[in-house]
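The values are calculated or read from the model by the stated rules, or taken from the named source; none is laboratory data. Keep in mind that what you see is a predicted model, and the values were worked out from it rather than measured. Methodologically, a virtual Cβ is constructed for each residue, glycine included, from the backbone with ideal geometry; neighbour enumeration extends over all protein chains shown. Accessible surface areas use protein heavy atoms only, side chains included; no ligands, DNA or RNA. Shrake-Rupley method; radii C 1.70, N 1.55, O 1.52, S 1.80 Å.
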Amino acid sequence: MKNKKAVFLDLDGTLLPVDSERLFEAYFSRLKKSRLLTLIAPDRKEAFRIFCDAADVMMRNEGSDCNDNVFFARIESLTGRGKAELEKPFDDFYKTVFSGLDRLLAKSNGIQRQVLDTLRAKGYQTVLATMPVFPPTAAAARLSWVGLSPGDFDYISHYRNSSFLKTHHGYYREILKNTGLQGEDCIMVGNNIEEDMLAEDLGFGVFLVTGYEIGAYRPGAYPSGDL
């Protein structure tokens, strides 16, 4: 940690002890039953197909616009309904969609609060570097499962302030630009080899959190351990 100014922390599988696959299965199950889909198209199956198509376009974004604009523009091109009509219902949906899932998926042991309090007491800036495919309300909901809140972070990535996905170097460059940091100032802590350890290419220090690691993990390739 010598000479570091900021710690970037992943959410799902890192601060939030949850299997990402199970989380998204539960999320999609609730999405399919929600009123939100009927605002996209009357037929739920067609609406879900359109939603997935727009999400796929957003996932392939490489800096053309903020991720939310790309997502809603795709829906509008297919339905005539765009961001002006759908943004607030989407925010409201994400405030409630994760309600109750903590009892099914996540277990807080208090270490998350200890980690954040210690980092901030030592003067580090804290960045929640989560995959930016949701609005801020989605991160807030999931942070609450482990006793954290957006106020514990100096910066949170989400689909309104990001125009790349986490698999792209541009994701990290964008945060560095927005925070005034350099890669050498930072350490990235996460459980995903492809997404989180990628930051090392930009001069970040890295730490692989084990327990829910994703990707081809070679012991000794990165500093590693549990949260």
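Might you let me know whether the range 106-128 holds any residue that is closer than 25 Å to Asp65 by Cβ, open to solvent by less than 30 Å² (accessible area, probe 1.4 Å) and not in a helix (DSSP H, G or I)? Scanning the range 106-128 turns up at least one residue that is closer than 25 Å to Asp65 by Cβ, open to solvent by less than 30 Å² (accessible area, probe 1.4 Å) and not in a helix (DSSP H, G or I). The one condition from (1) of a type outside the set (Gly, Ala, Ser); (2) in contact with a Leu (Cβ under 7 Å, 6 or more places away or on another chain); (3) surrounded by fewer than 19 Cβ atoms within 10 Å (Cβ to Cβ) that Val189 does not meet is (3). Considering only residues that are open to solvent by 40 Å² or more (accessible area, probe 1.4 Å) and in contact with a Ser or Thr (Cβ under 9 Å, 6 or more places away or on another chain), which ones fall in the range 34-45? Within the range 34-45, just Arg44 meets the criteria. Selection of first residues in the range 18-36 that are more than 14 Å from Cys52 (Cβ to Cβ) and in contact (Cβ under 8 Å) with a residue 12 or more places away in the chain and of second residues that are open to solvent by 50 Å² or more (accessible area, probe 1.4 Å) and part of a helix (DSSP H, G or I), restricted to Cβ pairs under 7 Å at least 6 apart or on distinct chains, gives the following pairs, ordered by first then second residue: Ala26/Leu104.
When the range 129-147 is examined, which residues are found to be open to solvent by less than 10 Å² (accessible area, probe 1.4 Å) and of a type in the set (A, V, I, L, M, F, W, C)? Listed by number, the residues that qualify are Ala129, Ala138, Ala139, Leu143, Val146. Filtering the range 196-214 to residues that are out of contact with any helix residue (DSSP H, G or I) (no Cβ under 7 Å at 6 or more places or on another chain), buried (at least 17 other Cβ atoms within 10 Å of the Cβ) and free of Cβ contacts under 8 Å to residues at least 24 places away in the same chain leaves only Phe207.
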